[in-house]
1. Could you check the spin-label model distance between A:ALA371 and B:GLU197? Points 7 Å from the Cα along Cα→Cβ, value in nm.
2. Please average, across the residues of B:195-206, the number of beta carbons from any other chain that are within 10 Å of each residue's own beta carbon, and give a whole number.
3. Given R₀ = 45 Å, FRET efficiency for A:ASP421-C:ILE136 by Cβ-Cβ distance, to 0.05?
4. Under a point-charge model restricted to the Cβ atoms of Lys and Arg (+1) and Asp and Glu (-1), what is the dipole moment magnitude of the protein assembly as shown relative to its Cα centre, in debye to the nearest 20?
5. Based only on the alpha carbon positions, what is the Kirkwood hydrodynamic radius of the protein assembly as shown, in angstrom?
6. For the range B:211-308, what is the largest minus smallest coordinate of the Cα atoms on each principal axis, given in angstrom and ordered from greatest to least?
7. For the pair A:GLN435/B:MET16, report the inter-label distance in nm, with labels modelled 7 Å from Cα in the Cβ direction.
8. Tell me the volume per residue, in Å³, of the convex hull enclosing the alpha carbons of the range B:1-50.
Amino acid sequence: MYLPSDGAPDAKRIHEELNKLTLKDINATVNITFLSNDAYNLMLSSGEKFDLIFAANYMNYADNARRGAFKEITPELLNTYAPLSAKESKDKLAGGYVNGKMYALPTLSASFNYSTYVVRGDLMKKYNVPDIKSIDDFGVYLDAVAKNEKNMIPFNIGKNDAWMLCSLYFGNYNLMAPGLPNCTSPIAIQKDDPALKLQYTFDFPETEQFLKKMKQWKDNGYWSKNALSNTVGLNDSFKNGKNAAVLASIPGANNVYNEVSKSHPEWDVRIYPAFTQGSIDRYSYMAGGMALGAKSEHPERALMLLDLLRYNEAYNMLTQYGIEGTHYTLNDKGDIVFPADSKYPPNAAGTWGWTNETYTKVFDGSFPNYAALTEDAKKRYQPNPLVDFTIDAKEISDITTNLSNLFAQYAAPMYMGFIDDVDTGIQEYKDKIKQAGVDKYMETAQAQIKAYLNTK
Amino acid sequence: MHRTNSLLTELKKNKMLFLMLIPAVLYFIIFSYLPMGGIIVAFKYFEFDKGIFGSPWVGFKNFAFFFQSGQAWLLTKNTILYNLAFIAAGMAVQVGVAILFSELKGRHIKKMMQSSLLLPYFISWVVVGSFVFGIFNYEFGSLNTLLKGWGMSPVDVYGNPSIWFFIIVGFYLWKLVGYGSIVYLAAIMGINPELYESADLDGANIFQKIRHITLPLLKTTIIIMILLQVGGILRGNFDMFYQLVGNNSLLFNQTDVIDTFVFRALNQQGLDLGMPAAVGLYQSAVGFIIIVSLNALIKKINPDYALF
Amino acid sequence: MAKNKIRRIDMLIFTIIGYIVLGCISILCLIPFLLTVSGSFTDDSSLFEYGYRLIPQEFSLEAYKLIFQAPEVIAKAYGVTIVLVFTGTLLGLFFISMTSYVLHRKDFKYRNKFSFFFFFTTLFSGGLVPWYLVMIGLGMKNNYLALLLPHLFSVFHIIIMRTFFTSIPESIGESAKLDGAGDFTIFARLYLPMSIPALSTIGLFIALTYWNDWYPAMLFITNPDMMPLQYHLYKVFNSMQAAQIVAQKTGIPVAQMPAETFKMAMTVIVTGPVILVYPFIQKYFVKGMTVGAVKG
């Protein structure tokens, strides 16, 4: 079994424990090897024989599956050797299907596309910002910091953060980019459009307004004049008091909160929801999963093991959290507590492929409105029929590559406000993507969406 | 008939020399020529289960994304110009430093300076990138802090594309000055000291000795070093450009090279061996044409200076 | 008398200019390194707060603690690297200079054809995957040879060495030949001792390549006992970054790790030994070494 990770100091011990279990239950031993991303790609490309490997949408699972990197998990195989997985709700398995065939078993944990503003309460009080309920309120906060705190950059975004602003826009205007990681696409669908019609993002008047706002924000000095080359991450500069705001998912916000509330309790870190309008999306379960190697010689054993890892509490807890008492303890609320210098820190050992929310523990010390925000996400969640859809770019790869370059070169700086004139910038970008063949891309994608919905 | 005969006589005459070549020949056959067949993936749609040789042919489709981007020419031009600057400026600085080291007296201080010069070679571009941003960023960079301290107005280095050519070349020179000068220093050490002694008797001064003895005798080494670099003239130093410039597209007209473009275009795509191989083949082919013609030209002038 | 005076003046000017120029370049090279050293001893967060300084604002050994958290692993990794550098450099020097010797011989008719045969491999490459397959086919998984073979030959070094050999007068080899010496003997007994500056140069280059490289280890070595130093450092750094990414994704608190200063500590650890060894190599960069050997 291959896992893309650098492992953990105690991983060997966990693997030995695991093998004791597997030997007893399915009369097999698992040989787990950690490998880097480069080696992962090489492993697939060189056609080595192996049974199980991690796969995920962010590691181009669907494209790899289309190119024959994995062995198909046929219904017979699934029913016979992984009966628990076979009985799982369709919704949770859908991400594993590519062109109607299953190549991987996705994780069993949902995560929502829900961002939050992490800000400093002390500054809000000092400059009379009562509450943050919208993008504009956030802007008011940043403005107060920009005007009064000369040693800070209000929102110190860096060279890879354009997507953050882009997702702020998509999240607040009920837009989605189907079949692409985050929203680095010139094409969007309005979530409430029953026809799911693809549209050019840069044709919407809202896009223009948003980009103008971003330009205004940049001109007001909410982020560095050199943000496009900035190498320092938002979190790092926030922790050091150089930056006044972070945009993060709920868990991400929790991570910042945990650290900063210890080192600087006087900052009174607060977390506000950032997607205040419209519905909430969740990510595909295929944000992680396990696939069979194309040349796997023991697919039955591999599937039996997967069923155990996914649904058997002992297997799942052992691999995810380690040995109870050594690597974690549970407190009286049922929350999980980790020792500070754990030799098997959670999520370090590449076990993302079989997380199961039934066994996932809330950890000790989350921010006060953690539960409220999670509840809000669940309440506003609207199932998205395209959540597991991915575009097959085989025939249009020259177009998609050029579009992704054009996005990085033209759209990303615009989202970060780096443009002299927004209107001409939009026009220039639209001309460029047109030349690159965006129409054909849209046609192909729309046809694939239609076909996808028909088979569903 | 005649050819085989001459090969046989040559073999007989220089049996030992052929034997001495065997390890290198075998090595390059196994580790370079055998895998070289993989080049054909540039013309294929790569599929994992079929492997490079079994994957279907797609003709020149993998080349399309690069040549239809509308930027192929700009990227090629930038890459070549940067490499020319690296080769020329690098050579001048490294030769200069080597000559200074060879002529100056004072052993200990020289050794210390020589060691310092090698230090940048070990500092990875990631670390250099953090330094560069720390120096040049508009709001808190050390450069602007200094300027403000002197009562001058701050400068926006990252907003000024035209100076980036010099910044990048400057850092390249800085990084390789010590490493690169070693070859030239060793070459100077190989020069017969009697030549200098007789020049001394003729009353030549140090500058004349450098001009009339050192430089002419370094010519072979200099030309060979240049030729060695020319083959890679279309290859970018990806790490350097990416870490120094980041995603700052405001600077792209001056700083974008083939390798950074390919990274941006393919970064979001699935794993494909075909498209990167296609661009690589283009880089190789252009490098090949340039080096073969240059070598032929040099051979005509003086065969001693040719690479092959 | 007059001549002597002029010479002294020109030497004086040359020395002054030379020291100023070299001094400036040395400082430009030294300062970033000192900043790196200081940065590696700085508290990670104060680095962001105060920027890079020559003297740490808040002294901290965190980065080094992280590297040396398993000293026995580091010791092993050092061992692997040192053996690798020595073996690789000696073998590499021998093979490279032997090849170069043949290619430099003007009476060797096919020398240009072979030079081209070697040089061609620097222009065209089949890419990583086929090379990987060849290596795997030769049984390189968890094999020390996987670390040794990739840098045993380098076309650049062969050609540079060839250039050095051409500066040795041909008459030396010819007269030895008349005395009945074979080609290999001439190479090993005459050419090698005469080429100490060149051998030190190429040897230094090969040693640095082995010293710095972690890539083959990443591809072929999974046994922790066989990992060279650089790969070990690379792994620690990587797992630290991964832990932070995971922390941001899941919100599980991890101990804050000194990512920025760690990179600098890595630089220091990797550079230190080389800088200690380098002066000993410089000893061989002395004028007249080559011809001196010929006379003797």
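1. 9.4
2. Working: counts 1, 2, 1, 0, 0, 2, 1, 1, 5, 2, 9, 8.
If you average over the peptide's residues, the count of other-chain Cβ atoms is 3.
3. Numbers: r = 55 Å, r/R0 = 1.23.
Approximately 0.20, to the nearest 0.05.
4. On the way: 90 positive and 84 negative charges, 709 e Å.
Here the protein assembly as shown has a charge dipole of around 3400 debye.
5. Values: mean 1/r = 0.0314 Å⁻¹.
Taking every pair of different Cα atoms in the protein assembly as shown, averaging 1/r and inverting gives 31.9 Å.
6. Ordered largest first, the range B:211-308 gives principal extents of 54, 29, 19 Å.
7. Inter-label distance under the simple model: 6.5 nm.
8. Working: hull volume 6.0 nm³, N = 50.
Once divided by residue count, the hull of the range B:1-50 is 120 Å³.
No value in this document is a laboratory result; all are computed from the given coordinates. Please read all numbers here as calculations on a predicted model, not as lab measurements. Ideal geometry is used to build each Cβ from the backbone, glycine not excepted, and the neighbour counts take in all protein chains shown.
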